[in-house]
Each structure stands twice: as structure tokens, then as C-alpha cells.
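The values are calculated or read from the model by the stated rules, or taken from the named source; none is laboratory data. The structure presented is a predicted model; accordingly, all values stated were derived computationally and were not measured. Here Cβ is always computed from backbone atoms with ideal geometry, including for glycine, and neighbour counts include all displayed protein chains. Just the protein is used for accessible areas: all its heavy atoms, side chains included, with ligands, DNA and RNA removed. Shrake-Rupley method; radii C 1.70, N 1.55, O 1.52, S 1.80 Å.
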Amino acid sequence: MGSANRADFVIIGAGIAGASAAYWLAPHGKVVILERETHAGYHSTGRSAALYMASYGNEQVRALTLASKPFFDAPPHGFSEHPLLSLRGALMVAERGQELVLEQHWAVLEQMKTGARRLTPAQACELSPALRSERIVDALIEPDAADMDVNAIHQGYLRGLVAQGGELRMNSEVVDLVRHDDRWIVTTKGNEIWQAPIVIDAAGAWADEVAHLAGATRVGLQPCRRSALLFAPEGFDDFSKWPMTYGASENWYFKPDAGQVLVSPANADPVAPQDVQPEELDIAIAIDRIESVTHFKIRRPSHTWAGLRSFVEDHGLVGGFDEIQPGFFWIAAQGGYGIQTSPAMGEACAALVRGMPIPSAIADWGLTKEMLSASRLG
Ligand SMILES: Cc1cc2nc3c(=O)[nH]c(=O)nc-3n(C[C@H](O)[C@H](O)[C@H](O)COP(=O)(O)OP(=O)(O)OC[C@H]3O[C@@H](n4cnc5c(N)ncnc54)[C@H](O)[C@@H]3O)c2cc1C
């Protein structure tokens, strides 16, 4: 057994959840992130569709997303050389039978005062010319939806951690967690040992497994596979400015991505935590759905992949101390919103970990400690 290293906060997982919390905790003590993989964005964080959409998710998620916008718009000097957001717009289209879903989403948007507009089918097809106009009966646009530079955001957090004296340790899978007196003894697969009064579980799809190691009660996390593909469309010259276009029933979407088009069947297939790969059927379904609502012909995808979106029952994020295990803090259930919520979630959790209230700039969006806590799940 090696000798113990000491930290104030040990964070398990270097995805966007762990990285953002580390960034805001680093000024307040010695922070160490232990990450199993050799690359910090290997799992969900590196596999997202990179869209910021304020209306996505439930009330808690929307509040976190809105509270994150000021950081994305004006990150601190030196955080990134590139803008973190670039306007894209999100176009929702309804086919026959989906009109009510679109109406319900419109009601949410009206309440949020996002600047969203209703569109005729013809206007929708003008904005997203691959659409088959005969299939569309209603549409709306959320103009301030934006592409996120996920790598710049993630690396900005991790660079900030290191610049403030924190450490990021790769190839460091946590295999044992024991509470001894007032501290956690954290052991990695390589037999490295860390001691800290507080351990933060930001293990993504594995957050329940890590909690189990610590003797904490699982929050009931369900990882769900979402698959995607990229292809080079033929017959469309300049599609780079098209909005992200999605079916009202959230059963397909496409968006321009680095000179190609990203397509997803918007699946959410429950699976065990794993290095998930796309099923052939997911890709076939994606192609079938997209070809039926658009004029795209997808002959051969240039790339296919899948990632895990992990949810608890109410599809909100979880951030707070475990009710039973002292010094065990959850940052989990980032679902399909982990990147777009990361500034507010990271900052709020960094405050709660230190026993501080949620900063007012975030709380002003209606967020409370109780809304983030796992105890709401019953
Ligand atoms: C196809 C797809 C599209 C998406 N689109 C969007 C989008 O447009 N906008 C958006 O905001 N979000 C989107 N998401 C969701 C977003 O990607 C996730 O919410 C987010 O990346 C989750 O971050 P995380 O840090 O919780 O998990 P991860 O990135 O998976 O990080 C968790 C880390 O913990 C590590 N780990 C686990 N167990 C251990 C252990 N025992 N010891 C050490 N390390 C461990 C893992 O190796 C992993 O690196 C999408 C996701 C998918 C799959």
C-alpha cells in the first residue's frame, strides 16, 4: 500500500461535471480529480451534440441553463481563445399528429420570453431547406440556441484547475472508498491513496457505482444510450448556417457540424454504464427517420458513435451531500444537458460543498439547494 496524499476535495471523474466543480472549488483548497481514462472527455462529455438550448429539460434544468449563459457569453479573461457559443437557432417542426406537442413547447417558450417565434411550414423550409415541406404542418424557432465549443469549455475548466494549484490525475480509477474518522481514504487501481474530508462523485454513468463503493444509497441513475452519425450531404451547397432542426416528438434531429451534418434518432435506450457503442439498428433508424422528413440521401455515414445520457427519475440534475455518508457529495444525473448547465451547476455545487448558499446570480433564476438535492427524489 502506497503512502497517502492529502487533499481538501477529491473529485471522481474528469468529465464536464467534475471539471466544472473543480474549477470553482480550486480557489478554496487543494482539489484533485481522479479520472479512470487517459482522456478527460472520453465518455459522455466528448460525445455530445454540443447544443445550448434554453428551453430544453424540466424547470430545474432550464434554470441552470439560463444561469449558465452569462459565463458562456463572457468567460473570464484567458479561459478560452475562442467564443464558447456561436448562434445556431433551434427549429422545431411538427408533423401531422404532433401539433399538440409543439403547442405545449410553445407555452414553455412564451413563459421563458426567449424571443422564440412561430413559423409557417414554408418559413421553416426556407430556414432548413432539406425539409420535405409536405410533411410539416407547424413550426417554431428558438433563435438564441447556440453551438457550444465543448472542448474549449472542458479544457478551460481543467486548465483553470491546474493554474490554481489543483491536480488532474488520469489512469486513476477509484476502486475503494472508506470513511475513517473525519476523512475519506480513496484508493485507485494503481494503489495510489488519497485522503480528503470530502469526496465528490462526478462519475457520470458510474455515479451510482461509485456511491455504492462508499456505502451511500444509490440515487437510481439510469444511463441511456444515444446514438449519432455524421455524413456529407449531397446537393446542398451552403448548409453551415441552417438551424438545428428537430421533430416535435424528439424522435430525430439534425444540425450542421464542421462541414458535415450530424444526425441522431434521439434515442434513449436504457443500458448499464459502459463504453457504449451505437447499435446498427440505431443508425438504420436514424437514417430512415431523417430520409422520410428531409430530401437528404444518407449513403454512407462518415462517423457513427453513441454516448450515455444518465437520468434520475425526474430528469433533473443532482447536486448535494449524501444524506447518510458524511462528506460524500453528489454531482450526477447530467442527462442530456450536462454541458449547457455546467457553469451554473459547477459554481452552485462548489458553494454547497463548502456549506455556502448558492450564489445569488444563480439563485436568482429560481434555483434552490432543495431542487438540486437527491432527497427530492424520495
Ligand atoms: C449523443 C449525445 C448528445 C448530447 N448532446 C448534448 C447537448 O447538445 N448539450 C448538452 O448540454 N449535453 C448534451 N449531452 C449530454 C452531455 O454530454 C452529458 O450530460 C455530460 O457530458 C455528462 O458529463 P459527466 O461529467 O457527468 O459524465 P462523463 O463525461 O461521462 O464523465 C464522467 C467521468 O467519470 C469517470 N469515472 C467513472 N467511474 C470512475 C471511477 N471509479 N474512478 C475514476 N473515474 C471514473 C469516467 O471515466 C468519465 O470520464 C449529450 C450526450 C450524448 C451522449
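Sorting 80-91, 354-365 by their mean Cβ neighbour count within 10 Å, with the most densely packed peptide first, gives 80-91, 354-365. Taking every DSSP helix (H) stretch of at least 4 residues in the chain, weighting each as -39,500 (n - 2.57) and dividing the sum by the residue count yields a mean residue ellipticity at 222 nm of -8000 deg cm²/dmol.
Taken over the alpha carbons of segment 168-310 as equal point scatterers, the Debye sum produces base-10 log I(q)/I(0) values at 0.10 Å⁻¹ of -0.51.
Surface composition of segment 15-87: carbon plus sulfur atoms hold 54% of the accessible area, using a 1.4 angstrom probe and ignoring ligands, DNA and RNA.
Taking the three principal axes of the alpha carbon atoms in segment 130-189, the coordinate ranges are 66, 27, 23 Å, sorted in descending order.
For segment 1-147, the Cβ-based charge dipole about the Cα centre amounts to some 300 debye (Lys, Arg positive; Asp, Glu negative; other atoms uncharged).
Between Arg354 and Arg135, full extension at 0.36 nm per residue minus the direct alpha carbon distance yields a gain of 73.5 nm. In terms of distances greater than 22 angstrom between alpha carbons, the cross-link table entries Lys30/Lys369; Lys69/Lys113; Lys255/Lys297; Lys113/Lys369 yield Lys30/Lys369; Lys113/Lys369. Here the Kirkwood formula puts the hydrodynamic radius of segment 137-234 at 17.5 Å, using every distinct Cα pair. Using the Karplus equation 6.51 cos²θ - 1.76 cosθ + 1.60 (θ = phi - 60°), what ³J(HN,Hα) coupling, rounded to whole Hz, does each residue of segment 197-202 give in order, writing x for Gly and Pro? Computed from phi, the couplings for segment 197-202 are x, 10, 10, 10, 8, 10 Hz.
Rolling a 1.4 angstrom probe over the protein heavy atoms with all chains in place gives segment 209-314 an accessible area of 46 Å² per residue.
For the chain, the direction-averaged projected area of the alpha-carbon convex hull comes to 18.3 nm². Ordering of 172-182, 340-350, 261-271 by packing is 340-350, 261-271, 172-182, highest average first (other Cβ atoms within 10 Å, averaged per residue).
For the pair segment 127-193 / segment 326-343, the C-alpha centres are spaced 9 Å from each other.
Cα centroid separation, segment 37-87 to segment 212-279: 16 Å.
Taking the empirical scaling 2.2 N^0.38 Å for compact globular proteins as reference, segment 1-140 has a Cα radius of gyration ratio of 1.45. When DSSP beta bridges are restricted to pairs lying wholly in the chain, around 70% turn out antiparallel.
Full extension of the chain between Lys189 and Glu173 yields a length gain of 5.2 nm, computed as 0.36 nm times the residue separation minus the alpha carbon distance. In plain terms, the chain from Asp288 to Ile324 could stretch by 8.1 nm, reckoned as 0.36 nm per residue minus the Cα-Cα distance.
Calculated translational diffusion coefficient of segment 295-378 (37 °C, 0.692 mPa s; Stokes-Einstein with Kirkwood radius over alpha-carbon pairs) equals 224 µm²/s.
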